[in-house]
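Have a look at the structure below before the remarks.
The values are calculated or read from the model by the stated rules, or taken from the named source; none is laboratory data. Since this is a predicted model, take the numbers as computed values, not measurements. Don't worry about glycine lacking a Cβ; one is built from the backbone with ideal geometry, like all the others, and counts go over all protein chains shown. With ligands, DNA and RNA removed, areas are computed over all heavy atoms of the protein, side chains included. Shrake-Rupley method; radii C 1.70, N 1.55, O 1.52, S 1.80 Å.
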Amino acid sequence: MPFFQFLRENARWLAGGFLLTFFSAFGQTYFISLSAGNIRQEYALSHGEFGLLYMLATLASALTLPYLGQIVDRYSPRAVILFIVPMLALACVSMALSRSIAVLVVTVYLLRLFGQGMMTQNAMTAIGRWYASQRGRAVSVVSLGVDAGSATIPFFFVTIAGLVGWRNGWLVAAAALMVLAMPLVASLFAQERRPRASDPLPRGGAVRDWTRAEVLRDPFFYLLLLGIMAPAFIGTSIFFHQVYLVELRGWSLEVFAASFTFMAVSTVTFALICGHLIDKFSATALLPVFLLPMAVACLVLGMLEAQWSVFVFMGLLGVSSGFSNTLMGALWPEVYGTRFLGAVRAMTVAVMVFSSAMGPGLTGYLIDLGVSFPLQVLVMGFYCIAASGLMLFVSRQLASRALQTAERSATPAA
């Protein structure tokens, strides 16, 4: 089916998923950090103290997500929306009204849990269930909501906060969630998608539905985690220390900021390309290659000191980000089925949140010990190369297992 015909026939569900990931921005690090200066000033926190507070709240949300994330297996996507969007709006109101450290910690915890965690969890689980042969392109479109949010929402927030103050800016964010996000997405998801006669046949046979307990006993699950943790850990670590890196290299901060455009364009482009490749080959087939652009990006950033190298780094990082964003939405239903997809995805999202929280702390600790940050980035690159080799092994083993499962299901019982 041509891509634009696919978009037209599935507009309501793709739009609903896109809006969920778009409005997850209010719980993403890049959005919360826009108020970091005001928060540190009003609560008399140092950079390190706020960083520790943020890390602890994020880790707490990661520990909660495997339990709360299971609700997407028990209730409809619309019912989950009617719960998580008001909770995220409540967290925004709490940020606007909070006056104590304790309330601030709870606020950040709720923002991370219901923003980055549950909004994305609900969107990707629904899309993973509703699509089979076209899952790759569906996930790629929905994942673009994250990029659209990061490209637009910070600008509007900064503008509004400049006019009415940062606390009132958070009240506007809460209003946007309740007045725009909830009614729009709830209406779009009011009717769940059903298989159509026009849907292409899925690749391979039916996938067995694994329970979360079975997944936790599967050794390949832990090997997969060694690969999927890398983008969150590396990307967050590098961007958290970007000012330090720019000063270390003697680069212009304005030029470095301009290079984010390269990353954005690259991410969007290769997210869509990845979706097409998943539908053509499979998500497991792409496992050995999705970290290779990130490996080259780290080697470039670690070894080259010229200002132009940052554009090469950002472009390659966008390639890997586009691939990983789409791949992670399509991989889990392909490997472990869809019946318990919410419980399985909740664990994987928690791991990625955990790795994104630990990255800045670990790399900062090593910097304090005198370990060169460019050297750390080089090690990250070599890790991606080693992980790609491991993913090649895992990909082949998963393909063999899927074939055996298909053969068993096709064999009539004696």
Exercise for review: Within segment 20-39, track down each residue that is surrounded by fewer than 15 Cβ atoms within 10 Å (Cβ to Cβ) and within 30 Å of PHE189 (Cα to Cα).
Suggested key: TYR30
Check your understanding: Just a yes or no: is a residue in segment 167-176 open to solvent by 10 Å² or more (accessible area, probe 1.4 Å), out of contact with any helix residue (DSSP H, G or I) (no Cβ under 6 Å at 6 or more places or on another chain), farther than 22 Å from MET352 by Cβ and among the β-branched types (Val, Ile, Thr)?
Key -> no
Exercise for review: Name the single residue, out of those in segment 104-153 being open to solvent by 10 Å² or more (accessible area, probe 1.4 Å) and hydroxyl-bearing (Ser, Thr, Tyr), that is nearest to the chain's Cα centre (by Cα).
Suggested key: THR120
Exercise for review: Residues that are open to solvent by 10 Å² or more (accessible area, probe 1.4 Å) and among the β-branched types (Val, Ile, Thr): find the helices (runs of 4 or more DSSP H) completely inside segment 262-338 holding 2 or more of those.
Suggested key: 292-303, 309-336
Practice item. Note down all Cβ pairs under 6 Å where the first residue falls in segment 57-75 and is touching a residue at least 12 places away in the same chain (Cβ under 8 Å), the second is assigned to a helix (DSSP H, G or I) and hydroxyl-bearing (Ser, Thr, Tyr), and they're at least six residues apart or on different chains. Key: ALA57/TYR109; ALA60/TYR109; SER61/TYR109; VAL72/THR125
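Residues are listed down the side, and each one gets a yes or a no for (1) hydroxyl-bearing (Ser, Thr, Tyr); (2) closer than 30 Å to GLU42 by Cβ; (3) part of a helix (DSSP H, G or I):
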| residue | (1), (2), (3) |
| --- | --- |
| ARG129 | no, no, yes |
| SER133 | yes, no, no |
| GLY136 | no, no, yes |
| SER140 | yes, no, yes |
| VAL146 | no, yes, yes |
| PHE155 | no, yes, yes |
| THR159 | yes, yes, yes |
| ARG167 | no, yes, yes |
Check your understanding: What single numbered condition from (1) more than 17 Å from the chain's Cα centre (by Cα); (2) in a helix (DSSP H, G or I); (3) farther than 20 Å from MET347 by Cβ fails to hold for TYR67?
Key -> (3)
Revision key, fill the gap. Residue hits (segment 237-265; modelled with pLDDT of 80 or more, within 19 Å of the chain's Cα centre (by Cα) and under 17 Å from VAL377 (Cα atoms)) are SER237, ILE238
Revision key, fill the gap. Within segment 40-64, the count of residues that are open to solvent by 40 Å² or more (accessible area, probe 1.4 Å), part of a helix (DSSP H, G or I) and farther than 27 Å from ARG345 by Cα comes to 6
Exercise for review: For segment 67-75, state whether one or more residues are out of contact with any helix residue (DSSP H, G or I) (no Cβ under 6 Å at 6 or more places or on another chain), at pLDDT 85 or above, of a type in the set (D, E, K, R) and over 21 Å from GLN134 (Cα atoms).
Suggested key: yes
Review point. Scanning for something polar (S, T, N, Q) and free of Cβ contacts under 8 Å to residues at least 12 places away in the same chain, does segment 16-32 turn up at least one residue?
Key: no
